[in-house]
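Each remark here refers to the structure printed beneath this line.
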2 protein chains.
Amino acid sequence: MDGQTYRGWPGLLAQYRSFLPVTESTPRLTLHEGNTPLIYAEVLSEQLDCHVYLKFEGANPTGSFKDRGMVMAVAKAKEAGKQTVICASTGNTSASAAAYAARAGLQAVILIPHGYVALGKLAQAVQYGARIVAIRGNFDRALEIVREVAEPLGMEIVNSINPYRLLGQQTAAFEICDVLGRAPDALYIPVGNAGNISAYWMGFEAYYHAGHVQSKPRMFGFEAEGAAAIVRGEPITSPETFATAIRIGNPASWDKAVHAADTSGGAIDFVTDDEIASAYRLIAREGVFAEPASAASVAGLMKRHRQGSLTPGETIVCVLTGNGLKDPDSAIRLAGDTAEVVDGDLQSVMAALGGTR
Amino acid sequence: MDGQTYRGWPGLLAQYRSFLPVTESTPRLTLHEGNTPLIYAEVLSEQLDCHVYLKFEGANPTGSFKDRGMVMAVAKAKEAGKQTVICASTGNTSASAAAYAARAGLQAVILIPHGYVALGKLAQAVQYGARIVAIRGNFDRALEIVREVAEPLGMEIVNSINPYRLLGQQTAAFEICDVLGRAPDALYIPVGNAGNISAYWMGFEAYYHAGHVQSKPRMFGFEAEGAAAIVRGEPITSPETFATAIRIGNPASWDKAVHAADTSGGAIDFVTDDEIASAYRLIAREGVFAEPASAASVAGLMKRHRQGSLTPGETIVCVLTGNGLKDPDSAIRLAGDTAEVVDGDLQSVMAALGGTR
């Protein structure tokens with residue numbers, strides 16, 4: 001800030017410096033990511049007789065939890081003297097990489113499979129000035145190429161194999177503990193690539209070992225039924241779910257996620273697309289518009305409620321990983337026929353609305 | 001929170017209670033709106049030899065500054081015993097009204113002109129469970145009907161004629177002062193309906209009179225050239241600009257906006273669509289993705305810079321009113337042809353990327 005006073009939230013690298021690999025030479029990179037709302041879910045809490053909170057990660061600068069890891073990864077790339085970061089992504093990762101690269105004065109290169117995605121999904125990355133390269137091949141091929149070209153070209157990979165990503169993502173666990181003054185009893189979280197559940201667990205363990213909290217939550221992760229590799233115990237070749245952000249058939253952090261669930265006394269389970277769609281509406285009823293994939297956490301909570309597995313009075317946090325504005329089409333599609341058409345005279349409108357009171 | 005500890009940002013009604021019409025009987029409504037990032041614009045600050053900050057209102061729960069006024073308006077509607085809120089809106093207002101109505105347990109009714117807007121623009125309101133009524137008539141007719149039916153049907157109007165809206169919007173000025181530890185020297189802000197510039201000025205005056213700051217900023221508001229009613233001194237019948245959120249030909253808070261600019265030693269001016277598009281890219285270069293209309297503030301700053309009207313070392317805040325995710329199409333359209341297509345073999349990709357280092 002060039003010597004000016006700044007009394008607001010300083011961003012993750014400054015706020016949680018002692019828990020992160022931040023050194024004197026790490027750039028003070030921030031878009032004031034993190035510090036996302038922990039919203040008390042009033043309807044759900046009453047219905048389930050628990051204290052249910054929604055950790056709304058869609059309030060991050062680029063609209064998803066990816067910003068937590070990306071600020072760390074891009075700062076370390078700059079610290080290492082890199083001028084370009086590269087990743088293969090068609091979604092939230094590309095938006096976050098492009099934003100932090102722009103902020104850091106670096107170039108971002110985004111590899112996507114040619115013809116695979118609508119360019120609209122990449123609006124953010126494009127606007128932030130990323131270079132978009134469409135590969136004739138599938139997504140896996142794009143990721144392979146990223147791994148092959150990064151070193152010879154001197155670029156830093158910011159896909160999930162970058163270890164700084166998970167270190168940065170731990171901070172969401174810190175925030176939850178800071179706001180509640182304790183660790184929750186249970187954390188519910190969508191599982192796609194399985195990195196986020198692993199990072200939360202690292203975070204809760206780190207805070208526990210530092211003496212900031214006296215307990216750790218049970219970790220419950222939920223895959224989409226059509227992409228439930230961990231639950232089924234084998235990679236899914238053609239994963240299918242409308243919750244695109246968790247449509248992943250071979251999670252990169254598979255072992256870490258299983259470890260988090262097992263060690264904490266939690267579980268990895270799956271939820272159906274119908275359950276996700278239903279939870280997506282429950283979340284909106286609380287006033288929150290999240291990405292469909294985000295709703296997997298609440299869908300999992302409802303599933304365990306139906307199974308009679310919740311303890312009355314539990315403090316539960318459900319992670320909502322992304323902003324609903326990332327995927328407005330799903331909202332419209334699931335709502336069906338939404339607008340009624342009425343003549344523009346007073347009598348007609350009064351008649352139509354009379355039943356609304 | 002039902003008696004649980006909560007140490008995070010409590011939302012606007014709690015945080016700024018003493019400056020707002022919050023009583024014992026006002027519902028403690030919140031989605032933890034406000035507390036939005038004040039982002040130091042590093043590139044712009046260096047280029048203009050000023051301290052330039054971006055107040056990123058897109059980080060609010062529904063993605064725009066409207067949440068500040070809506071939380072106040074909906075809380076007061078509930079306090080007054082209303083069960084339904086109603087507004088005519090095709091954009092940010094409808095999203096915010098629907099979200100806070102859902103949160104408060106009220107029904108929201110949104111009137112839109114039939115055939116006028118793509119339903120995609122209403123994805124948020126739909127998802128939050130608002131009742132959407134399409135009127136055979138134009139937008140002005142929809143607004144007229146809102147005014148006519150609200151009282152007989154016992155509904156609360158939450159369009160900008162609701163006085164609580166501006167009172168809530170003051171809080172953005174409070175936050176800026178709190179974070180900087182002082183008032184900025186100048187505030188730059190887009191002007192559409194002219195309510196927001198009026199609300200910021202009320203906020204700065206209130207903080208000044210309370211002794212929280214020792215000065216007030218000069219207020220610079222910017223209309224789009226094709227919708228510059230205040231600058232031209234007469235309503236515009238068919239306002240035109242790609243910055244849809246400020247495409248308004250007859251601002252509701254016209255007089256208040258002129259008062260804010262005049263009293264503070266500022267001005268209301270206009271910027272062209274080309275200037276807005278150019279500023280939209282400048283903002284992205286800082287790592288922020290805002291709605292096109294948001295860029296009118298930065299476009300105005302660049303205009304005054306070209307005119308030699310800035311003072312070196314000034315502390316300037318530019319308000320970015322909404323999230324770029326509200327209008328991804330503009331990002332794609334303005335970027336033009338964005339993806340290069342390359343064969344999926346190592347040599348081809350190396351050759352294409354070799355020039356990126």
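Kindly evaluate A:Asn60 against the criterion of being within 30 Å of A:Glu314 (Cβ to Cβ) and either within 11 Å of chain B (Cβ to nearest Cβ) or without any contact (Cβ under 8 Å) to a residue 24 or more places away in the chain (or both).
On the way: within 30 Å of A:Glu314 (Cβ to Cβ): yes; either within 11 Å of chain B (Cβ to nearest Cβ) or without any contact (Cβ under 8 Å) to a residue 24 or more places away in the chain (or both): yes.
Judged against the criteria, A:Asn60 is a match.
Hey, among the residues in segment A:329-352 that are under 15 Å from B:Glu144 (Cα atoms) and hydrophobic (A, V, I, L, M, F, W, C), which one's surrounded by the fewest Cβ atoms within 10 Å (Cβ to Cβ)? Talk me through it step by step, then tell me what you get.
First, pick out the residues of segment A:329-352 that are under 15 Å from B:Glu144 (Cα atoms): A:342-350.
Filter once more, so that each one left must be hydrophobic (A, V, I, L, M, F, W, C): A:342, A:346, A:349-350.
Numbers: A:Val342: 20, A:Leu346: 13, A:Val349: 24, A:Met350: 15.
Among those that are under 15 Å from B:Glu144 (Cα atoms) and hydrophobic (A, V, I, L, M, F, W, C), it is A:Leu346.
Identify all residues within segment A:21-34 that are surrounded by fewer than 23 Cβ atoms within 10 Å (Cβ to Cβ) and within 19 Å of A:Pro61 (Cβ to Cβ); write none if there are none.
Scanning segment A:21-34 gives A:Val22, A:Thr26, A:Pro27, A:Arg28.
Table: residues versus (1) touching a residue at least 60 places away in the same chain (Cβ under 8 Å); (2) crowded, with 24+ Cβ neighbours inside 10 Å.
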residue	(1), (2)
A:Asp49	yes, no
A:Tyr53	yes, yes
A:Ser64	yes, yes
A:Arg68	yes, yes
A:Ala97	yes, yes
A:Ala104	yes, no
A:Asn138	no, no
A:Arg141	no, no
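If I filter segment A:31-57 down to residues being closer than 22 Å to A:Gly308 by Cβ and of a type in the set (Val, Ile, Thr), which single residue comes out as nearest to the other protein chains (Cβ to nearest Cβ)?
Applying the filter and picking the extreme gives A:Val43.
When the residues of segment B:278-321 are narrowed to those that are among the small types (Gly, Ala, Ser) and more than 27 Å from A:Thr30 (Cβ to Cβ), which ends up surrounded by the fewest Cβ atoms within 10 Å (Cβ to Cβ)?
Once the filter is applied, the top-ranked residue is B:Gly308.
Go through segment B:141-155 and report how many residues are more than 7 Å from every other protein chain (Cβ to nearest Cβ) and charged (D, E, K, R).
Residues meeting the conditions: 3.
Kindly check whether there is at least one residue in segment B:53-69 that is of a type in the set (S, T, N, Q) and over 22 Å from the mean Cα position of the chain (by Cα). Don't jump to the end; show me each part of the working.
From segment B:53-69, those of a type in the set (S, T, N, Q) are B:60, B:62, B:64; that's our starting set.
The next check asks that each one be over 22 Å from the mean Cα position of the chain (by Cα); those that pass are none.
So far as segment B:53-69 goes, no, none of its residues is of a type in the set (S, T, N, Q) and over 22 Å from the mean Cα position of the chain (by Cα).
With the condition kept exactly as written, say whether any residue in segment B:259-278 is farther than 16 Å from B:Asn196 by Cα, without any contact (Cβ under 8 Å) to a residue 24 or more places away in the chain and among the hydrophobic types (A, V, I, L, M, F, W, C).
No: segment B:259-278 contains no residue that is farther than 16 Å from B:Asn196 by Cα, without any contact (Cβ under 8 Å) to a residue 24 or more places away in the chain and among the hydrophobic types (A, V, I, L, M, F, W, C).
With respect to A:Thr241, is the statement that it is more than 14 Å from chain B (Cβ to nearest Cβ), buried (at least 21 other Cβ atoms within 10 Å of the Cβ) and of a type in the set (Ser, Thr, Tyr) true?
It is true that A:Thr241 is more than 14 Å from chain B (Cβ to nearest Cβ), buried (at least 21 other Cβ atoms within 10 Å of the Cβ) and of a type in the set (Ser, Thr, Tyr).
Of the numbered conditions (1) surrounded by fewer than 18 Cβ atoms within 10 Å (Cβ to Cβ); (2) touching a residue at least 40 places away in the same chain (Cβ under 8 Å); (3) over 28 Å from B:Val349 (Cβ atoms), A:Gly154 satisfies every one except a single condition; which is it?
The single condition A:Gly154 does not satisfy is (3).
Does B:Val213 count as under 30 Å from B:Val22 (Cβ atoms), without any contact (Cβ under 8 Å) to a residue 40 or more places away in the chain and buried (at least 17 other Cβ atoms within 10 Å of the Cβ)?
When the stated conditions are applied, B:Val213 passes them.
For the condition under 27 Å from B:Ala88 (Cα atoms), out of contact with any strand residue (DSSP E or B) (no Cβ under 7 Å at 6 or more places or on another chain), modelled with pLDDT of 95 or more and of a type in the set (Asp, Glu), what is the one hit in B:Glu234, B:Glu225?
B:Glu234
Restricting the search to segment A:159-199, which residues are within 16 Å of A:Glu223 (Cβ to Cβ) and in contact with a strand residue (DSSP E or B) (Cβ under 8 Å, 6 or more places away or on another chain)?
Listed by number, the residues that qualify are A:Leu187, A:Tyr188, A:Ile189, A:Pro190, A:Val191, A:Gly192, A:Ala194, A:Asn196, A:Ile197.
Before we move on, is B:Ile39 outside the structural domain of B:Arg306 (by the TED database), over 14 Å from B:Arg103 (Cα atoms) and at pLDDT 95 or above?
no
For the condition within 12 Å of chain A (Cβ to nearest Cβ), in a helix (DSSP H, G or I) and modelled with pLDDT of 95 or more, what is the one hit in B:Ala98, B:Ala14, B:Ala73, B:Ala77? First the steps, then the outcome.
On the way: B:Ala14 fails: within 12 Å of chain A (Cβ to nearest Cβ); B:Ala73 fails: within 12 Å of chain A (Cβ to nearest Cβ); B:Ala77 fails: within 12 Å of chain A (Cβ to nearest Cβ).
Only one candidate passes the filter, namely B:Ala98.
Condition check: farther than 23 Å from B:Asp49 by Cα, small (Gly, Ala, Ser) and touching a residue at least 12 places away in the same chain (Cβ under 8 Å). Does B:Gly322 satisfy that?
Yes.
I'd like the full set of residues that are modelled with pLDDT of 90 or more and within 7 Å of another protein chain (Cβ to nearest Cβ), limited to segment B:316-339.
B:Asn323, B:Gly324, B:Leu325, B:Lys326
Only residues that are closer than 18 Å to A:Asp67 by Cβ, within 13 Å of chain B (Cβ to nearest Cβ) and hydrophobic (A, V, I, L, M, F, W, C): list them for segment A:158-178, please.
Of everything in segment A:158-178, those that are closer than 18 Å to A:Asp67 by Cβ, within 13 Å of chain B (Cβ to nearest Cβ) and hydrophobic (A, V, I, L, M, F, W, C) turn out to be A:Ala172, A:Phe174, A:Ile176.
Any residue that is within 24 Å of A:Asp185 (Cβ to Cβ) and within 9 Å of chain B (Cβ to nearest Cβ) - is there at least one of those in segment A:293-304?
Scanning segment A:293-304 turns up no residue that is within 24 Å of A:Asp185 (Cβ to Cβ) and within 9 Å of chain B (Cβ to nearest Cβ).
Which residue is nearest to the chain's Cα centre (by Cα), if the candidates are limited to segment B:158-178 and must be crowded, with 20+ Cβ neighbours inside 10 Å and β-branched (Val, Ile, Thr)?
B:Thr171
Could you tell me which residue of segment B:80-95 is surrounded by the most Cβ atoms within 10 Å (Cβ to Cβ), considering only residues that are at the interface with another protein chain (Cβ under 9 Å from one of its Cβ atoms) and over 16 Å from the mean Cα position of the chain (by Cα)?
Only one residue fits best here, namely B:Ile86.
Do we have any residue at all in segment B:305-316 that's in the same structural domain as B:Met202 (by the TED database), part of a strand (DSSP E or B) and touching a His at 6+ places or on another chain (Cβ under 9 Å)?
Checking segment B:305-316: at least one residue is in the same structural domain as B:Met202 (by the TED database), part of a strand (DSSP E or B) and touching a His at 6+ places or on another chain (Cβ under 9 Å).
The values are calculated or read from the model by the stated rules, or taken from the named source; none is laboratory data. A quick note: this is a predicted structure, and the numbers were derived from the prediction, not measured. Cβ coordinates were reconstructed from backbone atoms using ideal geometry, including for glycine residues, and neighbour counts include every protein chain displayed.
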